[in-house]
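Accompanying notes for the structure given below.
Only the coordinates and a few stated rules stand behind these numbers; no lab work does. Computed from a predicted model, the values in this text were never measured in an experiment. Glycine also receives a Cβ, built like all others from the backbone with ideal geometry; neighbour counts cover every protein chain displayed.
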Amino acid sequence: MYKQGIYKIVSNSRIAKSVYKMVLEGDTQYVTAPGQFVNIELEGKFLRRPISVCDYDERAITIIYKVVGAGTEQMSHMAEGEELDVLTGLGNGFDTSKAGERNLLVGGGVGVPPMYNLAKTLKAAGRQVSVVMGFNAEDEIFYAEEFKALGVDVYVATADGSVGTKGFVTDVIREKALQYDYFFTCGPLPMLKALYDATGEIGGQLSFEERMGCGFGACMGCSCQTKYGTKRICKDGPVLLKEEVIW
């Protein structure tokens, strides 16, 4: 179930190259699972901007976004006290009931934020968590320290080798010989496909990034084919089970 509401910007600051963290104060009761997203209305823009929820509590939602176009550029200049029209509680989120005892969380770029609340949730349930984060370079890295503060194992890959393992998230998993019995991931499509192939018979959940129209399943613009039929990434996803994905 989703809900439209007005949210006040508590803070909006740059935390890495072209990456910003925004805290929105308002009704959070419709955000019920890690991996859900919000859809933000921006003045002068026809379509809302879908952004993953990084974290939330009883009064505020934290989002992390990267400036990639006019909409997110507009967001980056918004100040404390301004208000936004936001749809919350969108998407199915990750199903933590399927988690294993040893869980691997993999985020690539702006696929990292939804991993944060997921890590908190799994740690609170007494599960072991290892987090692998993939970036292009050192100046793009964010939230590594915040993950470490949760008490989880954190590994970083950079494409240029400036920090951590040189290469991709799959190189970290192989190099560190990480042990896990279930995985969760969010990131660009090539990363998801590489991780899908690298995990063999191990089960998992993949959160897909997709251009959206309405964000709540009405326009069918983000439909995709799965082994269980047509699904809408915004409503039936963005999280799909590994066994239902068709490449």
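For Kirkwood radius over Cα pairs in Å, the listed values are [x] 18.9; [y] 18.2; [z] 19.5; which was obtained by calculation from the structure presented? Evaluating Kirkwood radius over Cα pairs in Å on these atoms matches [y]. The lysines within cross-link reach of LYS231, meaning a Cα-to-Cα straight distance under 24 Å and a gap of 8 or more places when in the same chain, are LYS3, LYS98, LYS193, LYS242.
Normalising the average separation of contacting C-alpha pairs (under 8 angstrom, six or more residues apart) by the number of residues puts the relative contact order of segment 111-164 at 37 percent. Residue separation of LYS3 and GLU145 scaled by 0.36 nm, minus their Cα-Cα distance, works out to 47.9 nm of gained length. Couplings 3J(HN,Hα) for segment 23-40, derived from phi with the Karplus relation 6.51 cos²θ - 1.76 cosθ + 1.60 (θ = phi - 60°), are 10, 10, 9, x, 6, 10, 5, 8, 8, 10, 8, x, x, 6, 9, 10, 10, 9 Hz, where x marks Gly and Pro. Expressed as a whole percent, the proportion of Cα-Cα pairs in segment 1-56 lying more than 15 Å apart is 56%. Each residue in MET1, MET78, MET133 was given a count of other beta-carbon atoms within 10 angstrom of its own, and listing them fewest first yields MET1, MET78, MET133. Structural descriptor for the chain: relative contact order 18 percent, calculated from alpha carbon pairs under 8 angstrom and at least 6 residues apart. Near ALA137, the amide H atoms lying under 5 Å from its own belong to ALA159; only residues 5 or more places off or on other chains count, and H is placed 1.01 Å from N. Exposure proxy ranking for PHE37, PHE142, PHE216, based on other Cβ atoms within 10 angstrom of each Cβ and starting from the fewest, stands as PHE216, PHE142, PHE37.
Taking amide H as placed 1.01 Å from N in the peptide plane, ALA60 has its amide H under 5 Å from the amide H of GLY26, each at least 5 places away in sequence or on another chain. Phi angles of segment 59-64 translate, via the Karplus equation with coefficients 6.51, -1.76, 1.60 and θ = phi - 60°, into HN-Hα couplings of 10, 8, 10, 9, 10, 10 Hz per residue; Gly and Pro are given as x. Mean residue ellipticity at 222 nm, helices only, the chain: -4500 deg cm²/dmol; runs of at least 4 DSSP H residues each add -39,500 (n - 2.57), and the sum is divided by the number of residues. Each part reduced to its alpha carbon centroid, segment 134-176 and segment 45-61 end up 25 Å apart. A simple count of charges around LYS166, restricted to other residues whose Cβ falls under 12 Å of its Cβ and scoring Lys, Arg +1 and Asp, Glu -1, yields -4.
Rounded to the nearest 20 debye, the dipole size of the chain about its Cα centre is 420 debye, using +1 on the Cβ of Lys and Arg and -1 on the Cβ of Asp and Glu.
Ordering SER130, SER223, SER207 from the fewest to the most neighbouring beta carbons within 10 Å gives SER223, SER130, SER207. In the chain, the DSSP beta bridges split such that about 60 percent are antiparallel, to the nearest 5.
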